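The values are calculated or read from the model by the stated rules, or taken from the named source; none is laboratory data. Fair warning: this is a prediction, and the values are worked out from it, not measured in the lab. Neighbour counts run over all protein chains shown; Cβ positions are idealised from the backbone, glycine included.
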Amino acid sequence: MNKRSFLKSLAVLGLSSGSVFKAKANIPSLDDLDFNSDTIWEQIRASYKLKPDYINLENGYYCFLPQETLEKYIEHIREVNYQGSYYMRNVQWENKAKSAAMLAELVGASPDEVVITRNTTESLDLIISGFPWKNGDEAIMSNQDYGSMLNMFELAKRRHGLALKRIDIPMHPKDDEEVVEAYEKAITPKTKLMMVPHIVNITGHILPIRKICDMSHKHGVEVMVDGAHAVGHFEFSMNELNCDYYGSSLHKWLSVPLGAGLLYVKKGKSAQIDPILAPYELDQEGILNLNHTGTHPVATDLAVINAIEFHNKIGGKRKEERLRYIQRYWSDQVRDLPGVVVNTPLDSKRSCAIANVGLIKESPAEMANRLMEEYKIYTVAINGAGVKGCRISPNVYTTESELDQFVYALKKMSGNA
């Protein structure tokens, strides 16, 4: 659907700028940002309503919405409720297609290669469950992959008689080739699909996806990328990645309301994936054949557009640079401290906002509890897959002074103050 038709449909339903429901006038907007100002990040911080009880360094699970997006989302909920069945029967699919097209543009894909799901887990489950497995086929993944995805492969193993091969991703690789080689060594003539994280969720390690995909394709192996933490976090293009399948969660770094994810399937690949749930029309052409979930919260689909607009106002590259800066701001100060272990690569191109840090003398759980109870800093403990520490994931609203408090806490806890 073209932009004119989309806006027309919104106007019919009261979802245009002339809506009967208005966002609160006192909500900060990014429309008047002064990017030449020394206070630019303070201006952006003012767009968020922040809980004063603690410093939030756990945005990796869920990045809450800035007020501008939140109010527009609430407005969508009101409007959909106001229109009821009329909206659901006549307009929702066109508007979801518009949101998906805008999302495709953001990630450098064609509109017919992207659909909106509910999260990364659903997106990748669709591929794992619907893949044309045969008894004896092999799949490759890593011990550092997300637990739910590893479990989904286990279910596929039980159903189809797959052989699963797990590798360990080098935590501090000397170069890209070391990472590529770790995957290539696991490939055999029976390997059909490889799952690779775009960014390792527990350490923040960004992998050389294009090189892994090119290598894998030379062996006739397809690649499914877990990009749960990538969209809205750092800049990339699906065309440049050259992967076959990609899933992401939009409630993380893009700050879409809970309940929205992305599934990308390279053009020509969707026909071989069997849908888990039957669509309204069987055997549709293209990726829409995989995208039926029944009645769902359609206001979230509309909020995808608002979240992308907010993201674009900041600028994807500017946001990425800020996120990388604030991670390095704290991690560079503690990386060489005695008793402190940073579980994220030193090379700046191999990480962005997320990093992981541990204390030799404390378990991750003890460390997380002390940070919260003694220093009012909220993090998440990671203890598994060779990683022991707390995942630290600040966001664009995080200040240097907040990270100074975190660095001070690490120095005190490790005996370096």
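Of note:
- Selection status of I77, touching a residue at least 40 places away in the same chain (Cβ under 8 Å) and more than 22 Å from the chain's Cα centre (by Cα): yes
- Qualifying residue in the range 185-192 (condition: in contact with a helix residue (DSSP H, G or I) (Cβ under 7 Å, 6 or more places away or on another chain) and not aromatic (F, W, Y)): no
- All positions within the range 274-297 that are surrounded by fewer than 20 Cβ atoms within 10 Å (Cβ to Cβ) and of a type in the set (A, V, I, L, M): I276, L277, A278, L282, L288
- Only residues that are surrounded by 17 or more Cβ atoms within 10 Å (Cβ to Cβ), under 23 Å from Q144 (Cβ atoms) and not polar (S, T, N, Q) were counted in the range 381-408, giving 10.
- Residue satisfying condition, being surrounded by fewer than 19 Cβ atoms within 10 Å (Cβ to Cβ) and in a strand (DSSP E or B), within set R166, R159: R166
- Number of residues in the range 106-127 that are assigned to a helix (DSSP H, G or I), surrounded by fewer than 22 Cβ atoms within 10 Å (Cβ to Cβ) and more than 16 Å from the chain's Cα centre (by Cα): the value is 2.
- Residues that are among the hydroxyl-bearing types (S, T, Y) and in contact with a Leu (Cβ under 7 Å, 6 or more places away or on another chain), drawn from the range 107-142: T117, S123
- Remark: pairs (first residue in the range 171-190, of a type in the set (S, T, Y); second residue at pLDDT 95 or above and in a helix (DSSP H, G or I); Cβ separation under 6 Å; 6+ apart in sequence or on different chains) = Y183/I212.
- Taking each residue of the range 359-376 that is at positive phi and looking for partners that are modelled with pLDDT of 95 or more and not in a loop (DSSP other than H, G, I, E, B) with beta-carbon atoms closer than 7 Å, six or more apart or interchain, yields K376/I55.
- Picking from residues in the range 332-345 that are assigned to a helix (DSSP H, G or I) and touching a residue at least 60 places away in the same chain (Cβ under 8 Å), the one that is surrounded by the fewest Cβ atoms within 10 Å (Cβ to Cβ) is Q333.
- The range 277-299, residues that are modelled with pLDDT of 90 or more and over 19 Å from V107 (Cα atoms): N289, L290, T295, H296, P297, V298, A299
- Entirely in the range 208-274, the strands (runs of 3 or more DSSP E) that have 3 or more residues that are closer than 22 Å to V304 by Cα and of a type in the set (G, A, S): 245-249
- Filtered by the rule that a residue be buried (at least 19 other Cβ atoms within 10 Å of the Cβ) and either over 24 Å from Y325 (Cβ atoms) or without any contact (Cβ under 8 Å) to a residue 60 or more places away in the chain (or both), the range 233-249 gives M238, L241, C243, D244, Y245, Y246, G247.
- There is at least one residue in the range 369-383 that is closer than 27 Å to N416 by Cβ and part of a loop (DSSP other than H, G, I, E, B).
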